[in-house]
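The structure appears below as structure tokens.
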Amino acid sequence: MSEAKAGEANEAKQAAGEAGAALVEDGMRVGLGTGSTTAFALRALGRRLRNGELEDVAGVPTSFAAERRAREEAIPLTALDEAGGLDLALDGADEVDPALNLIKGRGAAHTREKIVAAEATRFAVLLDDSKRVKRLGEQAPVPVEIVPMALAPVTRLLEARGARAVELRSGQGKDGPVVTDQGLWVVDARFASGIPDPEALAEALDRQPGVLDHGLFLGRATDVLVGRESGDAEHHQREEGA
């Protein structure tokens, strides 16, 4: 990506993050997601708290990385067993389709992100226009967090469901598989032209022994904020009953 394109992408991410932070009100308990776009939201939220615009706000981080960033921004933290439910969760996504269904998990934090999103009355997803697709799986792989011994059966299941490639995630500056905050592995399933039936795939993965969770977030997002380089953000909301 050229420097100009990278700059535009960061401006769009910042716009989405600022719009997400603007949703936070006094007294809220907020889920704090993981990723580059959510980082802008945490920066803006920390600024609002330090400026006295907000009071009595506490966040529940979805990963060690999110916790560290929240502490850097002096955002008070709490835990799900103390919060008594969340008013709002802010997070990014790797893809979003027209029905506001998502693929998440590029940062391997999707299991905790899904737990936090499920506890929130409102789940706002922050992204730039490059993450919008007509069909889930067009661009991003579906991450699946697994017990290591389940690698072979999970791979067979994904291939039977139409995945053209299933890869054990590795790298991130070290040799061997990526290990999640839960101490498990992640496989990434890629589809040639999108997932044929995301609901059926999600149900099959939910039933598969050895799968902790996956990156298909179907019917969970209530709001999607799409940042633009101009500094504003489109706000899309899920229709009631959808």
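The values are calculated or read from the model by the stated rules, or taken from the named source; none is laboratory data. It should be emphasised that the depicted structure is a prediction, and the values quoted were computed from it without experimental measurement. Note that we place each Cβ from the backbone using ideal geometry, even for glycine, and neighbour counts take in every protein chain shown.
When you check Asp87 against the structure, is it modelled with pLDDT of 95 or more, surrounded by fewer than 13 Cβ atoms within 10 Å (Cβ to Cβ) and not in a helix (DSSP H, G or I), yes or no?
No; evaluated as a whole, the condition is false for this residue.
For the range 50-62, state whether one or more residues are closer than 26 Å to Arg190 by Cα and either at pLDDT 95 or above or not assigned by TED's automatic domain parsing to the domain that holds Ala16 (or both).
Scanning the range 50-62, I find at least one residue that is closer than 26 Å to Arg190 by Cα and either at pLDDT 95 or above or not assigned by TED's automatic domain parsing to the domain that holds Ala16 (or both), so the answer is yes.
Surrounded by fewer than 19 Cβ atoms within 10 Å (Cβ to Cβ) and either within 19 Å of Asp91 (Cβ to Cβ) or modelled with pLDDT under 95 (or both): does that describe Ala22?
Taking the combined requirement at face value, the residue satisfies it.
What residue, among those in the range 205-242 that are among the small types (Gly, Ala, Ser) and in contact with a strand residue (DSSP E or B) (Cβ under 9 Å, 6 or more places away or on another chain), is surrounded by the fewest Cβ atoms within 10 Å (Cβ to Cβ)?
Selected residue: Gly210.
For the range 136-146, check the following and say yes or no: at least one residue is over 26 Å from Ala65 (Cα atoms), among the hydrophobic types (A, V, I, L, M, F, W, C), free of Cβ contacts under 8 Å to residues at least 60 places away in the same chain and buried (at least 18 other Cβ atoms within 10 Å of the Cβ).
no
Could you give me the residue pairs with C-beta distances under 6 Å whose first residue belongs to the range 188-207 and is touching a residue at least 40 places away in the same chain (Cβ under 8 Å), whose second residue is assigned to a helix (DSSP H, G or I) and not basic (Lys, Arg) wherever it lies, and which are 6+ apart or on separate chains?
Partner pairs satisfying both residue conditions: Ala189/Leu158; Ile195/Leu201.
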